[in-house]
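Read through the structure below, which is laid out as structure tokens, and then see the notes.
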Amino acid sequence: MSYPGPPYYPPEYDAPTVYFEKLERRRARYPHRCYACSQPIQPGQTYSRIFAIVDGEPQVQKWHGVTIGECMTAEEREDW
Ligand SMILES: [Zn+2]
């Protein structure tokens, strides 16, 4: 399983530089907060842990489920 890599932005779009370094699927042992929907990830739930470099800063993001965005509605994904 490989991550598709940094998203494409048009040149005029002032987006942060994001490099996804690592994607892991884990089972939560402690509660976490989801990066996408801000809801808690409960112990025992499977979540995706992403290690990314955002504008040169290392950042760890945790998401519900095994597919990024599966806890968001279609509308939320639109403006994500
Ligand atoms: Zn979520």
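Is it true that residue 62 is more than 12 Å from the ligand (Cβ to nearest atom), surrounded by 10 or more Cβ atoms within 10 Å (Cβ to Cβ), part of a strand (DSSP E or B) and at pLDDT 85 or above? No, not satisfied.
Inspect region 30-42 for any residue being within 15 Å of the chain's Cα centre (by Cα), part of a loop (DSSP other than H, G, I, E, B), modelled with pLDDT under 85 and not aromatic (Phe, Trp, Tyr) and give the result as yes or no. No, region 30-42 contains no residue that is within 15 Å of the chain's Cα centre (by Cα), part of a loop (DSSP other than H, G, I, E, B), modelled with pLDDT under 85 and not aromatic (Phe, Trp, Tyr).
Could you grab me the full set of residues in region 1-29 that are in a loop (DSSP other than H, G, I, E, B) and at pLDDT 90 or above? Listed by number, the residues that qualify are 28, 29.
Would you confirm whether or not region 51-58 contains a residue that is within 12 Å of the ligand (Cβ to nearest atom), in a loop (DSSP other than H, G, I, E, B) and not aliphatic (A, V, I, L, M)?
no
When residues in region 65-80 are screened for being of a type in the set (S, T, N, Q) and surrounded by 12 or more Cβ atoms within 10 Å (Cβ to Cβ), 0 of them pass. Considering only residues that are in contact with a Cys (Cβ under 9 Å, 6 or more places away or on another chain) and surrounded by 14 or more Cβ atoms within 10 Å (Cβ to Cβ), look in region 35-59 and name the one that is nearest to residue 18 (Cα to Cα). Looking at residues that are in contact with a Cys (Cβ under 9 Å, 6 or more places away or on another chain) and surrounded by 14 or more Cβ atoms within 10 Å (Cβ to Cβ), I get 36.
The values are calculated or read from the model by the stated rules, or taken from the named source; none is laboratory data. Here the structure is a predicted model, which is why all the values come from computation and not from measurement. Note that we place each Cβ from the backbone using ideal geometry, even for glycine, and neighbour counts take in every protein chain shown.
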